[in-house]
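Below is one structure; the comments refer to it alone.
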Amino acid sequence: MAMMHHVRPFSLVLIAISLLLIPCACHAVTMDVDVGFGGTTKSAEWTPVAVTLGNSSSDDIDGVLNISLAQLDTQPPTCSAHVVLPANSKKLYHSYVKLNNYAGEITVALISRGGVRAIKKIKVDCATPESKLVVSVGERAARPSFLTGEKVPAAPKVSRYGSHSGVTQASIYVGSLDPAVLPDRPSAYSGVDVLIVPDISSTSVNPKALKTIGTWVASGGTLVLSSGANYKNLSGEFYDEMLPVKVTGTTSVTWFGSPDPLAVTSVTVKPGVGRVLSSANGVPLVVE
C-alpha cells in the first residue's frame, strides 16, 4: 500500500554539493516528479512539487530529498526533506516552492550515504502573475489545450502609490494534474484561476486532497465539475457539498441540432443554491 508523506516548505538554502561527483546507485530506486501542473505554474505563487519514490531493493534507504533550481548562478529556492524509504516500498512526498519569473528546470535528487540514488530535471513553464491558469485533473491529453494563448480582459493592477500596471489583457495558460498526486494544501492552488475536475470517483482520491479543494473553493476558487454517463462517480461527501444540484441518473438530449442524442447526467437543481445557465429539452446542462 502506498504511504503518504507531507513535507513542509523549508527556508531558502543553497546546496553546496556537486551531484556529478557522487557515485550513482539509482538502479533500485524509481522517481516520478510532478512540478506545478504538468510543468506549468504561476510566478510568485506556491508551486506544488509531488515526488513519488519507489524502493525495489531489500535494503532500507535513509536519505535527503533535495529540490532546487538547475541553474545555480543565483541563490535558488530549495526544499530539503528527510526521506526514509523502507525496502520494497513506495511513498509520495509533497513539497512547495516559489518561482519568480523563472524559465528553466527544477532538479530533484534523492541522496543517501550511497550517493545519488535518483535524480530528475523537470522543465518549468512559469506564467506571469496577471495571466490566467486553467488546470484540469486527469490525463495530460485531457487538457483543454485549445485555450492556450487565448486573450481575456484583465483589470490593471493599482500599486500602493496609485499607479496602474497598464495591463488590460491576460494570456491563458493550461496545465494538468494526475488525481493520484493532488496537493493536500490550499496554498498549492493559489495561482490557479480555474480548476476542472471530471467525474472521477471520490473514493479513488486522497480524501485530504479533496477537502483541500473544498477549502480553496470556499476562499474564492473557481471549480468546474463535469460529467456524462458516469454519473455514479458523482457521489460522496465531496460532491454532495460542491455540486449545486442533486444527481438523479442519466438522460438523453438533442443539442444544437445533433442527429444523435447525447447522454448527460440528469439532475435536480438545489433550491436557492443552483442557477441554470444552459439547458436542452428542459434538461439542465450547465448549473452555477
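What to note about this one:
- Total residues in the range 263-285, condition of a type in the set (S, T, N, Q) and open to solvent by less than 30 Å² (accessible area, probe 1.4 Å): 2
- Number of the condition not met by GLU288 [criteria: (1) without any contact (Cβ under 8 Å) to a residue 40 or more places away in the chain; (2) open to solvent by 50 Å² or more (accessible area, probe 1.4 Å)]: (1)
- Identity of the residue in the range 69-85, among the small types (Gly, Ala, Ser) and more than 12 Å from TYR102 (Cα to Cα), that ends up modelled with the highest pLDDT: ALA81
- Residue in the range 112-132 that is farthest from GLY175 (Cα to Cα), counting only those that are open to solvent by 60 Å² or more (accessible area, probe 1.4 Å) and not basic (Lys, Arg): ILE119
- If only residues of the range 133-179 that are open to solvent by 90 Å² or more (accessible area, probe 1.4 Å) and closer than 13 Å to ILE196 by Cα are counted, the one that is modelled with the lowest pLDDT is ARG140.
- When residues of the range 83-104 are limited to those that are within 18 Å of the chain's Cα centre (by Cα) and farther than 11 Å from THR52 by Cα, the one most open to solvent (accessible area, probe 1.4 Å): LYS98
- The range 250-262, residues that are within 20 Å of PRO198 (Cα to Cα) and either in contact with a helix residue (DSSP H, G or I) (Cβ under 8 Å, 6 or more places away or on another chain) or open to solvent by 60 Å² or more (accessible area, probe 1.4 Å) (or both): THR250, SER252, LEU262
- Some residue of the range 236-249 being more than 28 Å from LYS132 (Cα to Cα), open to solvent by 70 Å² or more (accessible area, probe 1.4 Å) and either more than 30 Å from the chain's Cα centre (by Cα) or of a type in the set (Val, Ile, Thr) (or both): yes
The values are calculated or read from the model by the stated rules, or taken from the named source; none is laboratory data. Quick caveat: nothing in here was measured; it's all calculated off a predicted structure. FYI the Cβ positions are ideal-geometry reconstructions off the backbone, even for glycines, and counts take in every protein chain you see. Side chains are part of the model used for accessible areas, which takes the heavy atoms of the whole protein and leaves out ligands, DNA and RNA. Shrake-Rupley method; radii C 1.70, N 1.55, O 1.52, S 1.80 Å.
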